[in-house]
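The values are calculated or read from the model by the stated rules, or taken from the named source; none is laboratory data. This structure is a prediction, so every number in the text was calculated from the model and none was measured. All Cβ positions, even for glycine, are placed from backbone atoms using ideal geometry, and neighbour counts span all protein chains on display. Ligands, DNA and RNA are stripped out before the accessible areas are found, and what is left, the full protein with its side chains, is counted by its heavy atoms. Shrake-Rupley method; radii C 1.70, N 1.55, O 1.52, S 1.80 Å.
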Amino acid sequence: MNEATIQSAGLDDGDVEGRTAALRLTGLHKQFGTKTAVDHVDLVVPQGSFFGLVGPNGAGKTTLLSMAVGLLRPDAGDSRVFGAGVWTDPAEAKALTGVLPDGLSMPERLTGRELLTFIGELRGINAGVLAGRVQELLDVMELGSAERTLVVDYSTGMRKKIGLATALLHGPRLLVLDEPFEAVDPVSAAALKAILNGFVAGGGSVVLSSHVMPLVEQLCDTVAIMARGQVVAAGPLGQVRGDATLEQTFVRLVGGDEHARKGLSWLAS
Amino acid sequence: MAGVLIRMKLAVIKNSMTGGRAAWMLVGAVFGLLFAAATIGLTLADGPHRSVVGDLLACVFVMWTLGWLIGPLWGGSAVLRADHFALLPVPRRKLAVGLLAAAFVGITTAVTAIGFLALVTYGARQGVVPALVAVPAAALQLVFVVLLSRVAYGLFGMVAASRAGAAITGVLFAAMLVLTQSGWMIVVAIMYSDILTTGFSSSMTTTLRAIPSSWGVVAVDAAGRGDWPLAIGAPAGLAVLCGLLLLIWSAELGNPRRARVTIRGSENHLPAHGGPLSGPTTAIVRKELRTWWRDPLRTTTAVVPIVWALGTVLLPLTFDARVLLPWAGPALALFAITSACNLYSQDGTALWQTLTIGTERADVRGRQWAYLIVFGPLAIALSVGFTWWSGYTWAWPWVAALVPALLGGGAGLIVYSSVFGLVPGPDAHKRPSNPLERADTTGQSTVLFWVGLLPAVPAVAVVLLGERLDLPWLTWVGLPVSVVTGVLVGRLLGSLAIGRLTSHGPDLLHTMRSGRPTAAARKAGAPKKGGLVAGLYWTFGPILLLPQGLIPLVFILTGVDAKSWFLAMYLPPAYGVTVAVTSMLGGLYLLARALRTTVNDRAEAASA
């Protein structure tokens, strides 16, 4: 990889191609006790891009995305959605964003339809429009068959889907998704991919985190690699991976552990 | 197998002996030892006739057994659970025996073993042979209660996730609270009755002795009479029962991943909305009402204050006193505050939805309205019904002055404490099958029990003034004053909660994300000590203040002669008053210290 790739989506202050960035993170920093979870990260997600954030477990992806959307207060730094500060103008930023966090609860004792309806009402969506959207989302996510099941009894994949549905309900311009494909079956994953690709084709921007490299290679046009709380590479997919696959680039940058490759002594033939 | 499991359990106990937990274990052990000593003391007492002692001892053994049945439901899951070992290639029977052996290692079992020594001392008073019969009988009795507790917990686990199970949990929990706080009323009642001289009725005696926990007493009595078939038969029966329980238990261990009871949502249609039901706040109200209806933890939260209020006001009926009846409604309104003081923690990280949509105001107001809808009508109905039942017409203005202020103030206090004093617990989606797993809010609840009374002070003052000046119309002014206070306090505290939630929402979310037991374990050092000390303050403060202070003082001043465990009652009146007043002051001091320690700890934890 050359030097230019590492910086391409990084610190440039001007907006990308003259347009306001969909998401601009400036110097975001978070410390938990003595551990630095996110270390002064700058990142720009251009409008209309499908942005993949990859990194090993514990790299700080979830912490970074939580701070980016206003679910975790940063120790330092700023996050702007289409120019609206997440911490200074939260109402505007929140109206533009759809979020799917990883592993958080939802109002658990509602059915999928009830959850979407209440969220829609809280978002101030007109009742007539809302009913149609809810039905369409339930159909697309194939959650209609579990009509009477409460969210607390949903499988992991169903939880992802209902979470994504709540993120899409109000027609956001930016989607921030933390591990959206984890534990989702291949059929549902295909449906989700179609939805996300359609969203980007319609001018929306998506940021998703994942540690499944082939998936990110298949979906995203822009990527950033995180390790130990820092962004070690960012830019268009082709530039970041160069001639190798994303996985090879990733392992080279993140540095796999020697022990992990050796295997277990008593299992070797 | 058994050896490994015992070492494992000891290691877990050692690692969990931290902070508040250690304090509670210590307090529990002390109370258990006191109860054990009282059990033995009962068999050595000179007073009552021997047959009466047998009956009383059987009664006490029933209480021990009930304690073993209820204790685990209260204290949460067992240290070592069978499903931890489900994948090991070990036969079920062997696993059951191993877990049983591990179950005998523990403070509760040791304390119970000491208590059951009472059977031996009881036998010794009848001769050498009955004492010898008592030894294996007491041992079997111990095995019996431990096994019974395990089996009952397993069976209970099957229904606990359902709403009925959650309601039962609430009833048991509230019953324990009522007995520990007001159980002295029963002791007073027994002392006033003539049971101690005449003994129980014969049918009562027969029934009592048919309960397996009494079979040890039956065997000892039979040995004393020389009735050998019964002296051998009763322990043998106990042994057979133990065998049966072991079989049931090992069968239960076989299918740990039982399908749990699933609570279903509504039919295939949209929840009603639009018209008067539109708007964000009503959306939250309807969401909250569904949650109150469907979440087993909320069911428990709702049932505890109801049963506590009913239990507390009905208990004095055991000695035919109706004096507490009118206060059922106020008691419910007050205790509901202590029960619902941690609403945001119950919903856990679902807070992210509120934060990403930015509906903090609607969320807080909606929860307040839902709280009033759940508890308000019931508190009013209980007030009207029970005051009417009591026949105390003087009580009406008092009740009317209390209920609205307590309800309105409560609606404010619950959201205030849920936001400012949030105690993280297991996250909402990680506790689908156990309403017993929840955050420990003992400290908050104790504070709120007293603070919750404050909103009623202005209205009560008005009624008091009316009574003093003998102006009936003025006593009824308490009602509007109470309504106004309730509305004001509810609105004010709600606004404070909204402000805090808006400014500190992400921090609260972070607390709930990270502040679960794993994070608590990491916070070693100072807070542990604070928790231990605060736990002791919270335990002994109320004891000194009420049963050792206020109550004996009232008894001395009104001339009631009931000694029970009231220290001051054993002294000459002059000294008694001094002791009671000192005790009250000491209790107040301890409560103040407890409050300070808890608040400081919380502040430290928040700033850390």
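Looking across the range B:72-104, the residues that are open to solvent by 50 Å² or more (accessible area, probe 1.4 Å), part of a helix (DSSP H, G or I) and modelled with pLDDT of 75 or more come down to B:Arg92, B:Arg93, B:Lys94, B:Val97. B:Pro296 satisfies every condition listed in (1) more than 8 Å from chain A (Cβ to nearest Cβ); (2) within 22 Å of B:Gly409 (Cβ to Cβ); (3) buried (at least 24 other Cβ atoms within 10 Å of the Cβ) except (2). Which of the residues that make up the range A:207-217 are surrounded by 19 or more Cβ atoms within 10 Å (Cβ to Cβ) and either in a helix (DSSP H, G or I) or of a type in the set (D, E, K, R) (or both)? Residues satisfying the conditions are A:Met213, A:Val216. Residues in the range B:438-471 that are of a type in the set (A, V, I, L, M), assigned to a helix (DSSP H, G or I) and over 30 Å from B:Tyr537 (Cα atoms): B:Ala459, B:Ala461, B:Val462, B:Val463, B:Leu464, B:Leu465, B:Leu469.
Here the range A:131-184 is the region considered, the condition is being of a type in the set (S, T, N, Q) and either assigned to a helix (DSSP H, G or I) or crowded, with 20+ Cβ neighbours inside 10 Å (or both), and the residue that is farthest from the chain's Cα centre (by Cα) is A:Ser145.
Here A:Gly128, A:Gly83 are screened, and the one residue that is surrounded by fewer than 20 Cβ atoms within 10 Å (Cβ to Cβ) and under 14 Å from A:Ala68 (Cα atoms) is A:Gly83. Among the residues of the range A:185-201, those identified as open to solvent by 50 Å² or more (accessible area, probe 1.4 Å) and either within 22 Å of A:Leu138 (Cβ to Cβ) or of a type outside the set (Gly, Ala, Ser) (or both) are A:Asp185, A:Pro186, A:Val187, A:Ala190, A:Ala194, A:Asn197. Based on this model, can you work out whether B:Pro377 counts as within 27 Å of B:Pro280 (Cα to Cα), without any contact (Cβ under 8 Å) to a residue 12 or more places away in the chain and open to solvent by 20 Å² or more (accessible area, probe 1.4 Å)? Considered against the rule, which asks whether it is within 27 Å of B:Pro280 (Cα to Cα), without any contact (Cβ under 8 Å) to a residue 12 or more places away in the chain and open to solvent by 20 Å² or more (accessible area, probe 1.4 Å), B:Pro377 comes out as yes. Closer than 30 Å to A:Ala227 by Cβ, part of a helix (DSSP H, G or I) and more than 10 Å from chain B (Cβ to nearest Cβ): is that true of A:Gly198 in this structure? Judged against the criteria, A:Gly198 is not a match. For the range B:396-419, state whether one or more residues are open to solvent by less than 40 Å² (accessible area, probe 1.4 Å) and at pLDDT below 90. Taking every residue of the range B:396-419 in turn, none turns out to be open to solvent by less than 40 Å² (accessible area, probe 1.4 Å) and at pLDDT below 90. Across the range B:491-518, the qualifying residues are those that are open to solvent by less than 10 Å² (accessible area, probe 1.4 Å) and under 29 Å from the mean Cα position of the chain (by Cα), and the one among them that is farthest from B:Ser345 (Cα to Cα) is B:Gly494. The requirement of being crowded, with 22+ Cβ neighbours inside 10 Å, more than 30 Å from A:Arg252 (Cβ to Cβ) and not polar (S, T, N, Q) is not satisfied by A:Gly204. It is to be established whether one or more residues within the range A:73-80 are of a type in the set (A, V, I, L, M, F, W, C) and open to solvent by less than 10 Å² (accessible area, probe 1.4 Å). The answer is no; no qualifying residue exists. Determine if the range A:96-104 includes at least one residue that is buried (at least 20 other Cβ atoms within 10 Å of the Cβ), of a type outside the set (D, E, K, R) and at positive phi. Checked against the condition, which is being buried (at least 20 other Cβ atoms within 10 Å of the Cβ), of a type outside the set (D, E, K, R) and at positive phi, the range A:96-104 yields no hits at all. The residues on offer are B:Leu119, B:Leu132, and the sole one that is at negative phi, open to solvent by less than 70 Å² (accessible area, probe 1.4 Å) and either in a helix (DSSP H, G or I) or among the charged types (D, E, K, R) (or both) is B:Leu119. Which of the residues belonging to the range A:40-55 are part of a loop (DSSP other than H, G, I, E, B) and either over 13 Å from A:Gly83 (Cβ atoms) or over 17 Å from the mean Cα position of the chain (by Cα) (or both)? Correct list: A:Pro46, A:Gly48, A:Ser49, A:Gly55.
B:Asn342 falls short on exactly one of the conditions (1) modelled with pLDDT under 90; (2) away from chain A (no Cβ under 11 Å); (3) more than 19 Å from the chain's Cα centre (by Cα), and that condition is (3).
Taking the criterion of being more than 14 Å from chain B (Cβ to nearest Cβ), in a strand (DSSP E or B) and in contact (Cβ under 8 Å) with a residue 60 or more places away in the chain, the residues of the range A:20-39 that qualify are A:Leu23, A:Thr36, A:Asp39. Within the range A:98-107, the residues that satisfy the criterion of being under 18 Å from the mean Cα position of the chain (by Cα) and at the interface with another protein chain (Cβ under 7 Å from one of its Cβ atoms) are A:Val99, A:Pro101, A:Leu104, A:Ser105, A:Met106. Taking the listed residues B:Leu42, B:Leu56, B:Leu69, the one that is assigned to a helix (DSSP H, G or I), under 14 Å from B:Thr108 (Cα atoms), at pLDDT 75 or above and of a type in the set (A, V, I, L, M) is B:Leu69, with no other qualifying. Here A:Ala68, A:Ala59, A:Ala22 are screened, and the one residue that is at pLDDT below 90, under 18 Å from the mean Cα position of the chain (by Cα) and open to solvent by less than 40 Å² (accessible area, probe 1.4 Å) is A:Ala59. With respect to the stated conditions, A:Glu121 fails to be surrounded by fewer than 20 Cβ atoms within 10 Å (Cβ to Cβ), of a type outside the set (Lys, Arg) and without any contact (Cβ under 8 Å) to a residue 12 or more places away in the chain.
Residues that are more than 8 Å from chain B (Cβ to nearest Cβ) and small (Gly, Ala, Ser) within the range A:108-156 comprise A:Gly112, A:Gly120, A:Gly128, A:Gly132, A:Gly144, A:Ser145, A:Ala146, A:Ser155, listed in sequence order.
Just so you know, in the range B:427-482 the residues that are at pLDDT 80 or above, closer than 20 Å to B:Val415 by Cα and surrounded by fewer than 17 Cβ atoms within 10 Å (Cβ to Cβ) include one that is nearest to the other protein chains (Cβ to nearest Cβ), and it is B:Phe449. Among the listed residues B:Ala370, B:Ala331, B:Ala336, B:Ala309, which satisfies the condition of being assigned to a helix (DSSP H, G or I), modelled with pLDDT of 90 or more and open to solvent by 10 Å² or more (accessible area, probe 1.4 Å)? Going through B:Ala370, B:Ala331, B:Ala336, B:Ala309 in turn, just one is assigned to a helix (DSSP H, G or I), modelled with pLDDT of 90 or more and open to solvent by 10 Å² or more (accessible area, probe 1.4 Å): B:Ala331.
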